[in-house]
Amino acid sequence: MTDPASAAGGAAVTEHASDFVSAAEQASATSNKPRSLAQDAWYDLRRRPLFVIAGALILLILLMAAFPTLFTSVDPTYAELSRARQGPSADAWFGYDAQGADIYARTIHGARASVVVGVLATLLTVLIGGTMGVIAGYAGGWVDGLLSRIADVFFGLPFVLGAIVILTSFRAAGGNKPVAIVGIVVFSLAILSWPVTMRIMRSAAISAKQQDYVKAARALGAKPSRIILRHMLPNSAAPVLVYATIALGSFIGAEATLSFLGLGLRSPVVSWGVMISDSGTWIRVAPHLLLFPAGFLVITVLAFVMLGDAVREALDPKMR
Amino acid sequence: MGRYILRRLLQLIPVLIGTTFLIYFLVWSLPGDPFAGKCGDRPCPDAYINAMREKFNLNDSIFVQYGKYMLNVLQGNFGETFNGIQVGERIALAFPVTLKLAVVALVVEALIGLTAGILTGLRGRGFLDNLVLVSTLFLISLPTFVTGFVLQILLGLEWGIIKPTVQSGAPWSQLIVPGFVLGSLSMAYVTRLTRTAIAENKRADYVRTATAKGLTQRRIVGVHLLRNSAIPVITFLGTDLGALMGGAIITEGIFDIKGIGNLVYRAVLSKEGVMATGVITLLVLVYLLMNLIVDLLYAVLDPRIRYD
């Protein structure tokens, strides 16, 4: 087990070979059948405290994003100026913001926008980068050269500056609907980060392409689409999966950063980034405006980074 | 080696053109009238608009505009804004400040990151290792502006150890805390990279040979182990200098540093296209050149890598 790709391939071969042995032998084989890489990783993961903590936190955050009313019955947009910037109390656990809205309710409701941005941006990044990477890795030659150069062009853009330019360019066109606001932020995050996924996927695809099972599939007359989808993709998905988990966390952080600059999400959308951005002017007199949304943000990002770390260690047999 | 440098330089050209064109296209395709509000409350007179469109080649196609612009930039002329401010002068004022900040960040992250990485890599599993791993996880999850705000409030306003904002000259001593903030994320990566590299190389054959020869521990670690483990770290630090300069915008905003990020942020918001393209083009240039230098450094540091 030096290479995850070859390990998974080996498991597949034994599965097919077992069709040819007698029933008695097969019975004994199933009882101590070698675990596949995915099973192995899962077995390993369940025993890691890091994974369990991260998983529990993420479940809680997802629950918060899906059903915010489970946690609070206060309307996050209802504001009363008379109670502006009051500190935490029994009525409002996290206090009130500059407009007099309940920070606890806003933080809970803010999870949805932040998580949605993170998940959609990750999906889009993996989709663009993964497709380009697999095509570049499979085709090689001038296609690889061309796609790699295109990736280099986007990789050369500094992340924050690029996002600022893209967001200001497309902001005016989008209008004020929440869907449009979220869509533009997701688009700009994905367009700036897909080259990383592409590079990871490309190198995984190149190493998978040289494996015997791909050569065998080609010798048997499999079409390129079948080789890519059935053989190369499952065997090169692991590193992308790890990157995607960590990227999800960093996208949530990036959304907050852009909102902090006043360019990401904005009212009427409630998100942690928007709350942090609003707190900027009051930070001296009312630090709790910043503290609670920032705390939730950091914990969420931390949970995803921890999950990615744990998955990486489980999938990489060298680390054991 | 000479052929490799040449090939890398040739590869750099299409990427450079692509990235700068992308920037140019994005900035100049900004929807909205670039002259809105430039003449006070009245709409601008036609004569002014025509003169300006002529001056900034706005009547040409975007490709011709870009070509003309790049020809000027290559001669060191970054053009002037709608108000007639020389972009090159502004950049010359702001660039050294950001460079200073990025260098401080790089030094801070290299010092702390390398020390922590070497210590944990050599010791192996244990309390210190777990402590460092958890702190790196924490640093990775902290967005820069949270670190910046917290340090500014605590050190600057509550305890009064530092000045909460940096003076216009940006003296080195005042840049230490902003540099720490800017470099904190990369510090975590440097620590992890060093730790993994040391832990892997510790078991390498040449380390065992060196031990068997009876060399002192100092020499084994300092000469044999560190030199071989430094390669991925130096790569990271090199490419990071470019990234730090591009990412300095948030730190500069918090600590009110008059650097390039500040310049470009205001330029984008006020639709000063010439200023925005100029600064970002320069940053892209720095980033790509740093990547090239790092790639070439590879060959010097690791003679096992042969380019041909």
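Okay, residues lined up against (1) among the small types (Gly, Ala, Ser); (2) closer than 30 Å to residue B:142 by Cα; (3) buried (at least 21 other Cβ atoms within 10 Å of the Cβ):
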residue: B:221; (1), (2), (3): no, no, no
residue: B:230; (1), (2), (3): yes, yes, no
residue: B:233; (1), (2), (3): no, yes, yes
residue: B:243; (1), (2), (3): yes, yes, no
residue: B:247; (1), (2), (3): yes, yes, yes
residue: B:271; (1), (2), (3): no, no, no
residue: B:279; (1), (2), (3): no, yes, yes
Quiz item: Are any residues in region A:260-304 closer than 18 Å to residue A:178 by Cα and within 8 Å of chain B (Cβ to nearest Cβ), and if so, which ones?
Solution: A:260
Practice problem: May I ask you to verify whether residue B:292 is within 13 Å of another protein chain (Cβ to nearest Cβ), surrounded by fewer than 20 Cβ atoms within 10 Å (Cβ to Cβ), in contact with a helix residue (DSSP H, G or I) (Cβ under 9 Å, 6 or more places away or on another chain) and in contact (Cβ under 8 Å) with a residue 40 or more places away in the chain? | Solution: yes
Quiz item: Can you tell which of A:146, A:192, A:220 is of a type outside the set (Lys, Arg) and surrounded by 17 or more Cβ atoms within 10 Å (Cβ to Cβ)?
Solution: A:192
Quiz item: Within region A:103-154, restricting attention to residues that are away from chain B (no Cβ under 14 Å), in contact (Cβ under 8 Å) with a residue 24 or more places away in the chain and among the hydroxyl-bearing types (Ser, Thr, Tyr), which residue is farthest from residue A:224 (Cα to Cα)?
Solution: A:104
Self-check item: When residues of region B:151-199 are limited to those that are touching a residue at least 12 places away in the same chain (Cβ under 8 Å) and not in a helix (DSSP H, G or I), the one surrounded by the fewest Cβ atoms within 10 Å (Cβ to Cβ)
Solution: B:168
Quiz item: Within region B:253-279, how many residues are within 11 Å of chain A (Cβ to nearest Cβ) and among the acidic types (Asp, Glu)?
Solution: 0
Exercise. Residue by residue through region A:268-290, note down the ones that are under 16 Å from residue A:107 (Cβ atoms) and free of Cβ contacts under 8 Å to residues at least 60 places away in the same chain.
Key: A:276, A:277, A:287, A:290
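Let me confirm something: among B:256, B:205, which residue is charged (D, E, K, R) and under 21 Å from the mean Cα position of the chain (by Cα)? Outline the logic, then answer.
On the way: B:205 fails: under 21 Å from the mean Cα position of the chain (by Cα).
On inspection, the qualifying residue turns out to be B:256.
Among the residues of region B:268-288, is any farther than 17 Å from residue B:23 by Cα and more than 13 Å from the chain's Cα centre (by Cα)?
Looking for residues that are farther than 17 Å from residue B:23 by Cα and more than 13 Å from the chain's Cα centre (by Cα), one finds none in region B:268-288, hence no.
Look through B:139, B:101, B:122, B:111 and report the one residue that is under 30 Å from residue B:258 (Cα atoms), in the same structural domain as residue B:247 (by TED's automatic domain parsing), in contact (Cβ under 8 Å) with a residue 60 or more places away in the chain and not in a loop (DSSP other than H, G, I, E, B). Outline the logic, then answer.
Details: B:139 fails: in contact (Cβ under 8 Å) with a residue 60 or more places away in the chain; B:122 fails: under 30 Å from residue B:258 (Cα atoms); B:111 fails: in contact (Cβ under 8 Å) with a residue 60 or more places away in the chain.
Criteria check complete, one pass: B:101.
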Practice problem: Output the number of residues of region B:178-206 satisfying the condition of being out of contact with any helix residue (DSSP H, G or I) (no Cβ under 6 Å at 6 or more places or on another chain) and of a type in the set (Val, Ile, Thr). | Solution: 1
Self-check item: Selection count where residues are farther than 24 Å from residue A:273 by Cβ and away from chain A (no Cβ under 12 Å), scope region B:126-157
Solution: 7
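Matching residues to (1) under 23 Å from residue A:257 (Cβ atoms); (2) in a helix (DSSP H, G or I); (3) not aliphatic (A, V, I, L, M):
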site	(1), (2), (3)
B:262	yes, yes, yes
B:271	yes, no, yes
B:275	yes, yes, no
B:279	yes, yes, no
B:297	no, yes, no
B:300	no, yes, no
Quiz prompt | Residue among A:296, A:260 that alone is aromatic (Phe, Trp, Tyr) and surrounded by fewer than 24 Cβ atoms within 10 Å (Cβ to Cβ) | solution = A:296
Self-check item: Residues located in region B:205-243, provided they are among the charged types (D, E, K, R) and assigned to a helix (DSSP H, G or I)
Solution: B:205, B:208, B:218, B:219, B:227, B:240
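The values are calculated or read from the model by the stated rules, or taken from the named source; none is laboratory data. Source: prediction; values computed, not measured. Backbone-built Cβ (ideal geometry, glycine too); neighbour counts: all protein chains shown.
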